[in-house]
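Note sheet for the following structure.
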Amino acid sequence: MNALDPTDIQVLECESVNTQTTKDLDLKILESNQGIDKIYTIADNARYYKNKELKEWLKDTKIEQVFLPPYSPNLNIIERLWKFLKKKVINSTFFRTKHEFREAVHTFFENVGQYKNELASLLTLNFPILNSQSILL
């Protein structure tokens, strides 16, 4: 997902997320952003993002990974997109089959432009900042 245009989303359907599927998604991102000098991808601390093979491959690309601090979903705007998807598609409908569920998710991403105004206000780069005085234990 492009943080500057929340309707610019690259989707890769796969059985599981691993080093190869991460590389495949990065290839899609490179293909769709050929005119850009540097591409920053925001990554959590999943093992496949830190894989030696992936790191070596990324050295020869325009992609630079930026890792989030551990336990910081508030800094990961993709988490807001998942929440929005759940609200609009997953939690609002009963799906009798896996196929119906899959098609609904695909339809959401194919038509994500219709949610542009809602996503623009939700998927901003304004992040809630917490400090030690605001956290009550």
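Laboratory data are not the source of any read-out in this text; all were calculated from the coordinates shown. In this text, all values refer to a predicted model and were calculated from it rather than measured experimentally. Reconstructed Cβ throughout: ideal geometry from the backbone, glycine too, with neighbour counts over all protein chains shown.
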Query raised in the report: Looking at this structure, is Ile9 more than 27 Å from Thr107 (Cα to Cα) and of a type in the set (A, V, I, L, M)?
Result: no
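Does Phe101 fit the bill of being free of Cβ contacts under 8 Å to residues at least 12 places away in the same chain, in contact with a helix residue (DSSP H, G or I) (Cβ under 8 Å, 6 or more places away or on another chain) and in a helix (DSSP H, G or I)? Explain how you work it out, then say what you get.
Values: free of Cβ contacts under 8 Å to residues at least 12 places away in the same chain: yes; in contact with a helix residue (DSSP H, G or I) (Cβ under 8 Å, 6 or more places away or on another chain): yes; in a helix (DSSP H, G or I): yes.
So Phe101 passes the test.
Go through the stretch 51-74 and count every residue that is part of a helix (DSSP H, G or I) and surrounded by 15 or more Cβ atoms within 10 Å (Cβ to Cβ).
So in the stretch 51-74, the residues part of a helix (DSSP H, G or I) come out as 52-58, 73-74.
In the following step, the residues that additionally are surrounded by 15 or more Cβ atoms within 10 Å (Cβ to Cβ) were identified as 54, 57-58.
Counting residues in the stretch 51-74 that are part of a helix (DSSP H, G or I) and surrounded by 15 or more Cβ atoms within 10 Å (Cβ to Cβ) gives 3.
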Report summary line: Pairs returned, first residue in the stretch 9-20 that is of a type in the set (S, T, N, Q), second residue that is assigned to a loop (DSSP other than H, G, I, E, B), beta-carbon separation under 8 angstrom, 6 or more apart or interchain, are Gln10/Met1; Thr19/Asn51
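With respect to Lys98, is the statement that it is more than 24 Å from Asp44 (Cα to Cα), exposed (fewer than 12 other Cβ atoms within 10 Å of the Cβ) and among the charged types (D, E, K, R) true?
Details: more than 24 Å from Asp44 (Cα to Cα): yes; exposed (fewer than 12 other Cβ atoms within 10 Å of the Cβ): yes; among the charged types (D, E, K, R): yes.
For Lys98, the condition - more than 24 Å from Asp44 (Cα to Cα), exposed (fewer than 12 other Cβ atoms within 10 Å of the Cβ) and among the charged types (D, E, K, R) - is met.
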Query raised in the report: Which one of Glu13, Glu31 is assigned to a loop (DSSP other than H, G, I, E, B), within 25 Å of Leu119 (Cα to Cα) and among the charged types (D, E, K, R)?
Result: Glu13
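Report whether or not Ile77 is in contact with a strand residue (DSSP E or B) (Cβ under 7 Å, 6 or more places away or on another chain), touching a residue at least 24 places away in the same chain (Cβ under 8 Å) and β-branched (Val, Ile, Thr). Please lay out each step first, then the result.
Numbers: in contact with a strand residue (DSSP E or B) (Cβ under 7 Å, 6 or more places away or on another chain): no; touching a residue at least 24 places away in the same chain (Cβ under 8 Å): yes; β-branched (Val, Ile, Thr): yes.
Answer is no for this residue.
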